[in-house]
Amino acid sequence: MAVDFAGTYLLLVLLSSLLVNFVLSIYGIFFKPHFTKKVIALTILSDTLNTFAIYIGYRRWLEGVNPRPPVLTTTPTWESITEFSRRAVDPLPQALVLTAVVIGLAVTLFLVFLGYILYMHYGTLDMREIRRLKG
């Protein structure tokens, strides 16, 4: 009973922290005027959504079953395949997160380079100042 309460509590803390990170990163993207802060907020948003996608693919251990990873060590039978499918974690969110990490890195590098060009051209990274200088 205590293990189930602790697991539920930890998942509640995880979801709460993901919600707080999501709200703060959206706030940073839309309401902070400095370009660097926008890039940092976008990176936090990306990491938060990746963590949420991993959480979607999470599967708890079954009650009353010895916790062990789903590995087929014998010749597959119908019972062993059924148990394997009950224990196995969905690989699709993991593959999507791996792809999203690579794309997020490329987007972040592009935004850093764009920030460098903005600074070289305008002498500042404050979006209000750039809007004023642009005319």
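Of note:
- Ranking Leu96, Val20, Tyr119 by how far each Cα lies toward the positive end of the dipole of segment 2-134 (charges on Cβ) leaves Tyr119 at the top.
- Fully extended contour minus Cα-Cα distance, from Tyr9 to Arg132, at 0.36 nm per residue: 39.4 nm
- Size of electric dipole in segment 76-135: Cβ of Lys, Arg +1 and of Asp, Glu -1, about Cα centre, debye, nearest 20: 460 debye
- Within-15-Å neighbourhood charge of Arg131 [Cβ basis; K, R +1; D, E -1]: +3
- Given +1 at the Cβ of Lys and Arg, -1 at the Cβ of Asp and Glu and no other charges, the dipole of segment 2-134 around its Cα centre is 640 debye to the nearest 20.
Any read-out appearing in this document is the output of simple, stated calculations on the displayed coordinates, not a laboratory observation. The structure presented is a predicted model; accordingly, all values stated were derived computationally and were not measured. In this analysis, Cβ positions are derived from the backbone assuming ideal geometry, glycine residues included, and neighbour counts consider all displayed protein chains.
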